[in-house]
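The values are calculated or read from the model by the stated rules, or taken from the named source; none is laboratory data. These numbers were taken from a predicted model, which means no experiment stands behind them. Every residue, glycine as well, gets a Cβ built from its backbone with ideal geometry; the counts of neighbours run over all protein chains shown.
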Amino acid sequence: MTHAEKELAEIKSIMERSTRFLSLSGLSGVLAGVFALIGAGLAYYWVYYPNTPFGYRTQYINQDVVFLKLAITAFAVLGLSLISGLVLALKKHKKSKSSLWNAASRRFVAAFFIPLMVGGIFIVAIMFRGYWMIVAPASLIFYGMALLNAAHHTHSDIKYLGYCQMATGICAAFLPGYGLLFWAFGFGILHIVYRISMHLKYDK
């Protein structure tokens, strides 16, 4: 690579850092996937165990005790995922001298969290109406939409994870008895597989 080509590559890198939030850590996504699988395992134990998670329930989700356990688990998974993501983003960002909270990161946060918050409100509404079978598909679809929206402000290939999440949510909508399995696949396995590839590609 010639000196001019190196300068052009460096200018391109600087411009990309100024317009895109590139401090996302692939490892944080792997941890989020692990947390989701642990949460799905606990949900299986509380709702289905000792039966298989294929539609038959030993407990009803709308029972107060079961619902409280599931709600606490969901918030714990979300909280741990956000905290690990922030800690690893800060660690990754130390290599640069710019502020983590800049125009690029603000655009990313707005693009990601607005669809996610709208989806969360919608899910709360359908839960109050008792439409429990829509919760897993809706959470996957809105999360996929949030990823797709945020892809314009970070690594663009995160959109493929968004497409996969939305496809998983649509499949879950047509097979409501398997919501927990689709949820574990989307938030757990897809996260781990995709974010490992992201870690290998961007976190070297």
Take Tyr178 and decide whether it is surrounded by fewer than 19 Cβ atoms within 10 Å (Cβ to Cβ) and either among the hydroxyl-bearing types (Ser, Thr, Tyr) or in contact with an Asp or Glu (Cβ under 8 Å, 6 or more places away or on another chain) (or both).
yes
Out of (1) out of contact with any helix residue (DSSP H, G or I) (no Cβ under 9 Å at 6 or more places or on another chain); (2) at pLDDT 80 or above; (3) surrounded by 12 or more Cβ atoms within 10 Å (Cβ to Cβ), the odd one out for Leu78 is which?
(1)
Tell me which of these Ser105 doesn't satisfy, since it passes every other one: (1) surrounded by fewer than 15 Cβ atoms within 10 Å (Cβ to Cβ); (2) of a type in the set (Gly, Ala, Ser); (3) part of a helix (DSSP H, G or I); (4) modelled with pLDDT under 80.
(1)
Taking Val135 as meeting all but one of (1) at pLDDT 80 or above; (2) not in a helix (DSSP H, G or I), write down the number of the exception.
(2)
